[in-house]
Amino acid sequence: EAGVAQSPRYKIIEKRQSVAFWCNPISGHATLYWYQQILGQGPKLLIQFQNNGVVDDSQLPKDRFSAERLKGVDSTLKIQPAKLEDSAVYLCASRAPGQGNYGYTFGSGTRLTVV
Amino acid sequence: GQQVMQIPQYQHVQEGEDFTTYCNSSTTLSNIQWYKQRPGGHPVFLIQLVKSGEVKKQKRLTFQFGEAKKNSSLHITATQTTDVGTYFCAGAGNTPLVFGKGTRLSVIA
């Protein structure tokens, strides 16, 4: 089974620039999450999708962050304009449907550095 | 909102010593999950606990879920250098997983 694919792996931008990250979840995983992990901290949820609908975006800074999952498969997360404090690893995760001993499967993440 | 706290933040052990990390939630959880993140890597799912008082074992790792479903622990017996990494607990209530800050484990050979 292929894992969660994310790109790019690394990105360096100047503050006030824009950046976009891409995620392709595991096939058949209807639920997709974007998490932000600042160095030394645990992942923090930004947004949750169920198919192509947003379930929870209460912690997404909507003045600068946006995300979409138009066809219910892959997803993009955008930051516009970026701030220094956005430097972090952006992790995409997906989850198998139903209950059971299913955890989240994370991608390798995109490490963003804002200078 | 829901908060998940983990202690200790760091733990340095000699290879062969035991290690325990503790997790506490501000609210009752429907389940708790544990993840391991190697340096430079991404979180990898270890296990999910659902029932009050549940205990699960994976080789040298023992996971417990408290009776009140608000706390959990991970115990590693006889640590090895391959155990190095950060261990996160993550609680699920009525929201997606909320992660603790993790416990970073260093193992000295």
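Hey, among A:Leu70, A:Leu77, A:Leu91, which residue is among the hydrophobic types (A, V, I, L, M, F, W, C) and in a loop (DSSP other than H, G, I, E, B)?
A:Leu70
Quick one: is B:Lys36 assigned to a loop (DSSP other than H, G, I, E, B), in contact (Cβ under 8 Å) with a residue 24 or more places away in the chain, surrounded by 13 or more Cβ atoms within 10 Å (Cβ to Cβ) and of a type in the set (D, E, K, R)?
no
Would you pick out the residues in segment B:14-44 that are over 10 Å from B:Gly85 (Cα atoms) and of a type in the set (Gly, Ala, Ser)?
B:Gly16, B:Ser25, B:Ser26, B:Ser30
Looking at segment A:40-85, which of its residues are touching a residue at least 40 places away in the same chain (Cβ under 8 Å), more than 14 Å from every other protein chain (Cβ to nearest Cβ) and buried (at least 20 other Cβ atoms within 10 Å of the Cβ)?
A:Ser75, A:Leu77, A:Ile79, A:Ala82 - these are the residues of segment A:40-85 that are touching a residue at least 40 places away in the same chain (Cβ under 8 Å), more than 14 Å from every other protein chain (Cβ to nearest Cβ) and buried (at least 20 other Cβ atoms within 10 Å of the Cβ).
Looking at (1) within 12 Å of chain B (Cβ to nearest Cβ); (2) hydrophobic (A, V, I, L, M, F, W, C); (3) buried (at least 18 other Cβ atoms within 10 Å of the Cβ), which is the one condition that is false for A:Ala96?
Only one criterion in (1) within 12 Å of chain B (Cβ to nearest Cβ); (2) hydrophobic (A, V, I, L, M, F, W, C); (3) buried (at least 18 other Cβ atoms within 10 Å of the Cβ) is unmet by A:Ala96, namely (3).
For segment B:35-63, enumerate the residues that are within 11 Å of chain A (Cβ to nearest Cβ), more than 23 Å from A:Gly3 (Cβ to Cβ) and aliphatic (A, V, I, L, M).
B:Leu49, B:Val50 - these are the residues of segment B:35-63 that are within 11 Å of chain A (Cβ to nearest Cβ), more than 23 Å from A:Gly3 (Cβ to Cβ) and aliphatic (A, V, I, L, M).
Which of (1) part of a strand (DSSP E or B); (2) over 10 Å from the mean Cα position of the chain (by Cα); (3) facing chain A (nearest Cβ under 10 Å) does B:Ala90 not meet, given it meets every other one?
(2)
Read-outs throughout are calculated quantities, based only on the coordinates presented, and are distinct from any laboratory measurement. Since this is a predicted model, take the numbers as computed values, not measurements. Cβ sites come from the backbone with ideal geometry, for glycine too, and all protein chains shown count toward neighbours.
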